[in-house]
Each structure stands twice: as structure tokens, then as C-alpha cells.
């Protein structure tokens, strides 16, 4: 009977017992393979551990840094110094009285492993810095003068050397206040062609980046920076931003972000056709209105800014020109709108071309923030 | 509890379960070794503080059932306890295993737990996280399917 066969088959299967030898053999196999796996992991992990140890092992120059600064407490390791390793140009700020110039430069030497020298341009700036500097090509070891004013040192990598390109006084007392601001007070509308967030990162200023300025941003922002960007679509509604400025907000736009300025106030300036240049231009800028507090510490003899090849050339209608250039016309334009202000800069916020005075634009941006948040 | 200790505690019972399902010492060894080595690779499979038996038992039985379904090779030498059985008993056991391999995975799981391992309905429900009534339905369906399988073979051989 089939029913009987099924029951019988079940009984036969249930009678199956395991051989103790099989139990031992399988146990041995599991132990062996588990151990082999651990050993494989050990040999795989060994090179990684060695690399990690090598990476974390203190280098000679890193351990030498505090010695170089033994005359004063070492400056707090700055993200800027990390950037200095890979970028062509960077700024480092050292508070006054805490470190000698020699110590500061030796610190950079220790971190980067490259000799730091002073350029002729830096030597020219000695008056502003109130530091006695040696001429070009003299190594910094001979410099023992104590820094008496807050400085920003701009470095440039030239071959295997790092050259101190620019010494500039920076409003470090103001910086402390700016760093204490909530991140939503400074809003950056990101664009394709400029990078103001790099400037803020250099000075560790909190800010909010967004691809679209919305109500939640306007509700808390004191100032909105527009990176150079493509034109907004024709049906773009400029009304909310216009209201933001009318109520007391500030809008600062670089180069092609001028479209947003025009959307707020058509009477400030007119955009002419793009004047194609033969490549980018780094050229001298001068003050058009020396009374403006925004220009404090910005200009020095032969201050040069970088202009992109296809920058927006403008004609000023109702704005006030603060900076100008013989080659490119109005460079910085200001306009009061309602209770707020509009600023347009033809030069990009992030001055990334060789020969441009990075410190000049940085100082201009810091002055804008100081005017907006500290003095107003 | 380490893998070695777990094997000492449950290894023999798990091997027996696998052997009953597969009828092959090599397949049973493979099923048990795989289940334990999976624990070596990922100790998180066993929740801390919980009874490891339900997980280990299901892991081994399911691997054994997979071995059974994949089997396409010639019959291997039978274990000593089966080799000594009369020829017809061996044939019945192999026919049963072939029938189990054709059941749905859940039916096969319930059938082997109940008939091969003697696990009661409630315990199977707990192991598989299903209701006891569902266990009974699966068991009924599996038994009916196997009965039909045996009947058809009997008819062919009559």
C-alpha cells in the first residue's frame, strides 16, 4: 500500500543516525577554516595597519613645528594650512603679538616642508605691516622682528619654494565677531563660476550655501552673496529678493550674477555686451571713492585683481562706483535700495589667478561683512 | 558562545538532521560546515542572549534541503545505518527524499521538521515564526503531495 510505503520511508529516514567520526571531521574542518580565515584577515590587514601607522607616525618637520614657535604659543592648526599643501595660493592669519614673523614662517616651512621666502612685493608692504623685512631672496631665518599688527600672509608656491607674496592687515577683532554669527545670517547662492565659500573657509566664517534662495533663507539672512552664475530664467520672480533688500537686507553679486541685481533694481546699472578679451586679465584697480569704509585696507600701490575673459561689462546708471579699473571700467558699484543695499563686483570673490591680490578681495569681503553686521 | 562551543553543543544533532534530509554524509557535512562558517564571517547572525538552536537548526535544514534540490549526481555510498537496511527500505528512503525535494521550500521545511526530527507543531510554528494552524496546513499539503507521488510510482511499477 502506498500509504504504508510513505510511513515506512519516514521511519527509515528517522532511523538514520550520524557517525561520530563525521561529527569529529566536520568539527575539525570548521575550526581549520575559521582559523584560516582569521589568518587571511591578519595577512590582509597587516599592510593596511603598517600604512596607517606610517601615516600617523609624527614626521620630523611636524615635531619641529612647536620648537620653531617656542618663542610663543603655536598658532592653532588652521584648515588653511592643510589647504596650503595642495593649493597654489592661500592665506594664513596670525594674531598679533603671539608669534614672531620668523616663527610664523618657520611654522609654514615645517608644515609644508618647503623653504619660505619673502617676495619683493611682500617687502614693499612692510610699511603697512610695521614689520622690518629683508629684501627678496633673503631667507626668513634672519627675521626676528615681532609682529606688531595682525597680519594675513599670502603664500604662493613657486617651484619648490613657497613665497610670501602679500602681507596684509586684517580686522581680526572683527573676524572674531563674524565667526560668532549664526550660519544662516550669511547666505551664499552658489554659482557655476565663482566660489566665495573658499574665502569664508579661509577665515572660518560660518555661512549657509544654497542653490536657491528661499523664504527660509531670507527670513534670517542679513546678507546674500550671489556667486557668478548663469542668467536666471526669464520668468524668474525677483519680487521676494527685492522685498528682502527693501526691508534692510544686503545683496552682493559677482560678475554675471549682475542679472539678480538688475532684477531687484533696474536703475542701478546696465549690462553692455560682453567684451571678449584675449584671455583672463589681472589688472590694477584704483579707488573711485576713497571715503567709502569698504575700502579700508583694501588698496595698496598697484593692487591687482583678476577679471575673467568674458566678464560682464557694465555701465553705471544710478549706482555709486567705489572701485574702478582703466581696463574694465567700474569694478565695485554700490546702491541703496529701500533700507538695504546692493553691491556688484565685476571681479570674482575668489581671486584664483596668479598675480591677483587675494588679500585685497578678501579684505573687501570682510569689510562688507563688518559694515553689515558690526557697524550697522 | 564561540563557534567551537556551539558546535560542541549542537554539532551532532545538526549533522543528524542534515543527514536525514540529504541522505548523504558529504552533503550533510557541507550544510553544517557552511552554516557554522557563515557565523564565523558574520557573528551578528546570532542575536546576543537568544537561544542559538532555532537559528542553527533552520540554517542547517534549509542548506540541506538546498543540497537535496541541487542533487543531480549518482547516489553516493549510504551511511552505515542505511547501508545495512534492506534494499527496499533504502529505495523508499531515496524516493521520499526525491519527493521532499519537489515540495515547496516551506512545505519541505515543515515536513522534515515534523517527520524527520519529531518537532511538535507548536515548536515548528515558533521556529518558523508562523501560526500552528499554518504548520498543519503545510504539513497536510506536503503529506498529500508525497502520497500522490508514492501512488503514481506504485502505479507505474504495478
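The values are calculated or read from the model by the stated rules, or taken from the named source; none is laboratory data. These numbers come from a predicted model, not from an experiment. Methodologically, a virtual Cβ is constructed for each residue, glycine included, from the backbone with ideal geometry; neighbour enumeration extends over all protein chains shown.
Couple of notes before you dig in:
- Of the criteria (1) surrounded by 15 or more Cβ atoms within 10 Å (Cβ to Cβ); (2) within 17 Å of residue A:321 (Cα to Cα), which one residue A:266 fails: (1)
- Criterion violated by residue A:332 - all others in (1) assigned to a helix (DSSP H, G or I); (2) free of Cβ contacts under 8 Å to residues at least 60 places away in the same chain satisfied: (1)
- Test for residue B:63: is it surrounded by 14 or more Cβ atoms within 10 Å (Cβ to Cβ), over 19 Å from residue A:13 (Cα atoms), under 12 Å from the mean Cα position of the chain (by Cα) and modelled with pLDDT of 85 or more: no
- Options A:258, A:224: the member that is within 22 Å of the chain's Cα centre (by Cα) and either touching a residue at least 24 places away in the same chain (Cβ under 8 Å) or not in a strand (DSSP E or B) (or both): A:224
- Members of segment A:340-376 found to be farther than 21 Å from residue A:175 by Cβ and touching a helix residue (DSSP H, G or I) at 6+ places or on another chain (Cβ under 9 Å), listed by number: A:340, A:341, A:342, A:344, A:346, A:347, A:348, A:352
- Among (1) at pLDDT 85 or above; (2) surrounded by fewer than 19 Cβ atoms within 10 Å (Cβ to Cβ); (3) more than 24 Å from residue B:146 (Cβ to Cβ), the one test that residue B:2 misses: (1)
- Any hit, segment A:295-309, residues being farther than 19 Å from residue A:188 by Cα and in a helix (DSSP H, G or I): yes
- Options B:39, B:78, B:14; residue that is modelled with pLDDT of 85 or more, at the interface with chain A (Cβ under 10 Å from one of its Cβ atoms) and crowded, with 16+ Cβ neighbours inside 10 Å: B:14
- The residues of segment B:17-36 that are closer than 30 Å to residue B:92 by Cβ, in a helix (DSSP H, G or I) and facing another protein chain (nearest Cβ under 8 Å), listed by number, are B:19, B:20, B:25, B:28, B:29, B:32, B:33.
- Scanning segment A:341-363 for residues being modelled with pLDDT under 95 and not in a loop (DSSP other than H, G, I, E, B) gives a total of 6.
- Hits in segment B:99-140 (condition: part of a helix (DSSP H, G or I), within 14 Å of chain A (Cβ to nearest Cβ) and surrounded by 15 or more Cβ atoms within 10 Å (Cβ to Cβ)): B:99, B:100, B:101, B:108, B:110, B:111, B:112, B:113, B:114, B:115, B:116, B:139
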